[in-house]
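Worksheet: the structure to be examined is printed underneath.
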Amino acid sequence: MRKVFTLLTGLLCVFAMQAQPKQNIISGNVKQAGKPVEKATITLFTADSLALWSVVTTANGAFELNPDKNGNYFISASAVGFATAYSDVFFFGKEGNNITLPDFDLQTATKELGNVVVVHRKPVFEQKIDRMVVNVDASPANVGITALEVLERTPGVTLDKDGNISLKGKNGVLILMDGKPTYLSNADVVNLLRSLPSDQLEQLEIMTNPPAKFDAAGNAGVINIKTKKNKARGFNGSLTLGGGSGNRARSTNSLNLNYRHNKVNVFANYSYNYNGNFQELHLNRKFSNPNTGALVSLFDQKTVMNKIRQTHTVKLGADYFANKKTTFGIVLTGLYNPSEYTSDNVTYIKDPMGDIQTRMEAISKLDNLWKNGGVNLNFRHQFDSTGREISADVDYLGYKSTSDQLLSSFFYDKAGQTSAPDEIVEGSLPSNINIYSFKVDYVHPLKNKMKLEAGAKSSIVNTDNNALYMFWENNEWIKDTDRSNHFKYNENINALYVNANKEINAKWSAQLGLRLENTIAKGEQITTGETFNRNYTQLFPTAFLSYKASEKNQWTMSYGRRIQRPNYKDMNPFYFFLDKYTYEVGNPYLRPQFSHNIDLSHTFMGFLTTTLNYTNTKDIINQLLEQDDATTTTYVKVGNIAKQQQIGLSVSAGFPITKWWTSNVYMNGFYNEFQGPINGTQVKLTAPGFMSNLQNVFKFNKGWGGEVSGFFMSKTQDGIFTARSMGQMTIAVSKDVMKGKGSLRLNIRDPFDWQFFRGATKYGNVDVKVRNYWDNRTVYASFSYRFGKPIKGPQNRRKAGAGEEQNRVQVN
C-alpha cells in the first residue's frame, strides 16, 4: 500500500513540474453574450472534415489543443442549447507555432440540430457527477478480450473465484445492456459477458448510487454496458480480425456496418468469438467428529478443466427519423453459443496422519448450447428545444439453453485395487426463459433551472427449468428420482418513479427521487408439488446534494436504498456436480436483500476524486458451504446471511504527465463484516481490504501508442471465504496504419501469471482451502480497418453540434 501511495505522489509531482510555458498550442475562448461558457465541446477537424480530437472548456471558457502534425484544420465549438460555431480553416505548423483563435460567440439554437456522431479520441476514464465512464476503444489493452475482462480492468470492479462481479468490494451488481436489464441469473450474465467480444463495446457506465430512473436492483450499484451503434451519415463501418493464445487458442472477429440516408439509419453488427480455456482447481477439506471435534479424514482434490466456447452474435437495427423531433427504432439481437467442457478429477481421501486410504478418479463431459434472441421497439419525441421529451421501449427477450453432462467415477483402495463399483451418472438440464418488458420515460424542464422526470415500467419473466438425471445400473439407465426435478418460476415487477433536479444557485444543486416497485412471484416444483408465493411493495428513495465550494473544490453527497432479488439459477432446486463428493444445489426459498448506501465525494480541480462510502445490508444473499459428515460430501448452497456492513474510502485521479503520457490511478480501502447464523452456527467474519488500479496510456509520434496497466487486490473477506492477495499486469502497443483508417494492436495480458485465487473458510464443521488457477496469461494481436466517412461540407458540419448530447439524452 505504501508503494502505491508513493507512486501516486511521484506522478503528481511530475504533473506539477509540467507547469511551464507551452509550445505548439492552439488556444481560444468560448463565450455567449460576453460571458464565458464552461464545458463547451471543442472539436478539431482536418480540412476534409475528419474529426481528430475533442476537449471541453474550463470555467473561464478557455481551451487548448495540440495537433500531432502540420496541416490545415478548423475547429467547432458546441454546447447544449446553442448552435454550433465554426472557425475558418487555418494552417498549423509544429515548429514553435502558437495560434490564438478569435473568440467563439455561441448563439441560442432556434431549431433542432441534426444527428451526426463524430469519431474523436477520448480519455479512457471520464469522472462525472453520478457515474464514471470507461471509453473502451481508448485503451489498446482492451483489444482481443471479452466484455467480462474489460470489466475486470475497470477501477473498483473485481471478479471472485467463480466469476461473480463486485463493485468497491460489494457484491450484488445490476448489469444493464444499453440501459436495459438482462433479467438473467448471475451465472448467465457472466456467461453472456464472457461471450461478448470487447470490440462490440463502446462505453461502460459505473454508478455506485444510481438515480431513481434506474431499477432499484443491485446492492452495490449499476454497470451499464453500451454497445456500438453508429449514426454517421453515408455508408461506413469497421472490420476487426484478431487471434492469440494462452494455454489454449482464442480468436475474435467482427464486422460493423452502418448506412444513413435522409430519414433512415440502418446498422448491422456480427462477431465470431472462439475461446479455449484452461482451469485447475485444488480443494483441501477436513472432516471432524461432530461430538469430539477430532479429525476423522482429509480430502485432497485436484480438478483439471478444459473448455472450448464458440460465440456468434448478431445485431440488426434501424432508426426512422419521422421529423426533427420524432424517432422510431427497432433492434434485433441474436446469440448462438455452443461450448464443450471436460474435467479430470482426482480425489485422495486420507486418514488423520495423511496416509492415503482411498483414491477416486472422476471424468466429466459437459455439452452446453445457449441461444438468445431479442426484439426492441423504441420511440422518442422531443416537444420543444427546452429538453421536454417522452420516450418508450417495448422488449422481448428469449433465452434457451441445454446442458448435457456425463459423470463417470472410479474408486480404488490404497493398493490401487478397485474398492467399489464404478458410478456413471447422466444429466440433462434444459432451460427456457421468456421476458417481456415495457417502459416509458418523460422529461419536463421547468423554470428556475429545475427539471422533472417521471416514468413507469412493467416486466414479466417466465422461466421453465428441468433436470433429468439417470444412473447406469445392471446394464440399463435408471431415472434418479432423488436428483431429478422440474421447476417453474414466474415474476412480475411493476414500477413507478419520479425525479426532481434543481440548480439552487451557482454553488448548490440537489436531486431527489422516489421509486416504487411491486413484485409478484410464484415458484413451483412440478416434481414434488411444492409451491411458494411472493408479493411485496417497496419504496426506494434517492437523494443527491452537490456543493461547488470554489473552482477547485466540489462536494457531492448521495443516498439510495437498493434491493437485490435472488438469481433464477440460485433458486432452481437442481444439482450441479463436480464429482461424487462435491456439488452445488439451488435454494427456491431465497429472500431478497435490502441495502442502504451513502456516498460522500470530493473532487479537486476536476481530476482528483475522493469518496467515502457506507453500506448496510440485511438478509444478504451469499454462497454457503454445507457439509454432510456422514457421507463426506460438501456442497455449495446460496442462502440469506443475517447482515453485512461495509465502510470504504476510494481515491481516483486521471491526469496528463506529459503531452504523450496520461495516467489514471484508483485506490480503494474498505472494511467488510458478515454476521449471522450459518448452518446453525453464529458466525462473524470481518476483514479489511485494499484494491488499486493503475493505468498508463502513451501516445507517440507517427501513430504509435501503448499502455501499461494492472491491478492489485489485498487479502480480503470474499463472502464466507478469506481470500489472499492477487494482481495482474497488462502491456499493450498499437500502431495506426493506412493513413489512420487501420490499426494494429498487440496485447500481453498477465505476463508474470500473478492472477489466481487462494482462499479459505472455517466455521462450524466446515474447514476448506481453495486454490484456483485459470488461463490468464495470454498474447493477442488484432487488425482493425475503418471504412467510409461522414458527408463533407460545412453546411452538414453545422448540423453536428448536438449529436453527442442527444446520444447521451437517449441513454439517460
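Points worth noting:
- Gap separating the Cα centres of segment 307-339 and segment 227-285, nearest whole Å: 13
- 19 Å Cα-Cα threshold exceeded, pairs from Lys39/Lys548; Lys365/Lys414; Lys69/Lys739: Lys365/Lys414
- Placing unit charges on each Cβ (+1 for Lys and Arg, -1 for Asp and Glu) gives the chain a dipole about its Cα centre, and among Ser428, Thr41, Thr633 the Cα reaching farthest toward its positive end belongs to Thr41.
- Averaged over residues, the count of other Cβ atoms within 10 Å places the peptides 583-592, 474-483 in the sequence 583-592, 474-483, highest first.
- Take every DSSP beta bridge whose two residues both sit in the chain; close to 95 percent of them are antiparallel.
- Angle in degrees between helix 2-17 and the longest Cα principal axis of the chain, rounded to the nearest 10: 10
- Paramagnetic reach from Ala249 in segment 265-295 [backbone N under 16 Å; point 7 Å along Cα→Cβ]: 272-278
- Note on Lys286: aspartates and glutamates with a C-alpha under 18 Å away, same-chain residues under 8 apart excluded, are Asp300, Asp351, Asp355, Asp579, Glu626, Asp628, Asp629, Asp767.
- Here the spin labels are modelled as points 7 Å beyond Cα on the Cα-Cβ line, and at Asn434 and Ala687 they lie 4.5 nm apart.
- Over the chain: helical MRE at 222 nm, DSSP H runs n ≥ 4 each giving -39500 (n - 2.57), nearest 500: -1500 deg cm²/dmol
- The gain in end-to-end length when the Phe91 to Leu295 segment is fully stretched comes to 65.2 nm, 0.36 nm per residue minus the alpha carbon separation.
- Assuming charge only on the beta carbon of Lys and Arg (+1) and of Asp and Glu (-1), the dipole of segment 719-793 about its Cα centre is about 460 debye to the nearest 20.
- Computed extension gain for Asn535 through Ala322, at 0.36 nm per residue and net of the alpha carbon distance, reaches 72.5 nm.
- Extension gain for the segment Leu545 to His486, taken as residue separation times 0.36 nm less the Cα-Cα distance, is 16.3 nm to one decimal.
- Using a cutoff of 8 angstrom between alpha carbon atoms and counting only pairs six or more residues apart, the relative contact order for the chain works out to 11 percent.
- Eligible aspartates and glutamates near Lys569 by straight Cα distance, threshold 17 Å, same-chain separation 8 or greater: Asp162, Asp188, Asp404, Asp464, Glu491, Glu524, Glu584
- Pairwise FRET efficiency - Asn284 versus Phe379, Cβ, R0 = 60 Å, nearest 0.05: 0.55
- Placing a pseudo-label 7 Å from each Cα along the Cα-to-Cβ vector at Phe607 and Val304 gives an inter-label distance of 5.0 nm.
- A quarter of the convex hull surface defined by the alpha-carbon atoms of segment 314-403 gives 11.4 nm² as the mean projection.
- From the C-alpha gyration tensor of segment 568-679, square roots of 5λ in Å: 41, 19, 12
- Reciprocal of mean inverse Cα separation for segment 505-620 (Kirkwood radius, Å): 18.0
- Once you reduce segment 472-540 and segment 686-722 to the center of their Cα atoms, the two points are 34 Å from each other.
- About its Cα centre, the chain has a charge dipole of approximately 3120 debye under the convention of +1 per Lys or Arg Cβ and -1 per Asp or Glu Cβ, with nothing else charged.
- For the pair Val394 and Ile478, a Förster radius of 45 Å applied to the C-beta separation gives a FRET efficiency near 0.45, rounded to the nearest 0.05.
- Rounded tilt (10° steps) of 186-195 against the dominant C-alpha axis of the chain: 60
- Unit charges at the beta carbon, dipole of segment 352-503: most positive-side option, Asn372, Thr463, His444: His444
- Per-residue SASA entry for Met605, accessible area with 1.4 Å probe, Å² rounded to 10: 100
- Using a simple spin-label model with pseudo-atoms 7 Å out from Cα toward Cβ, Val264 and Lys715 lie 6.5 nm apart.
The values are calculated or read from the model by the stated rules, or taken from the named source; none is laboratory data. Bear in mind the structure is a predicted one, so any value in this text is a computation, not a measurement. Note that each Cβ is placed from the backbone with ideal geometry, even for glycine, and that neighbours are counted across all protein chains shown. Ligands, DNA and RNA are excluded from the accessible area calculation, which covers all protein heavy atoms including side chains. Shrake-Rupley method; radii C 1.70, N 1.55, O 1.52, S 1.80 Å.
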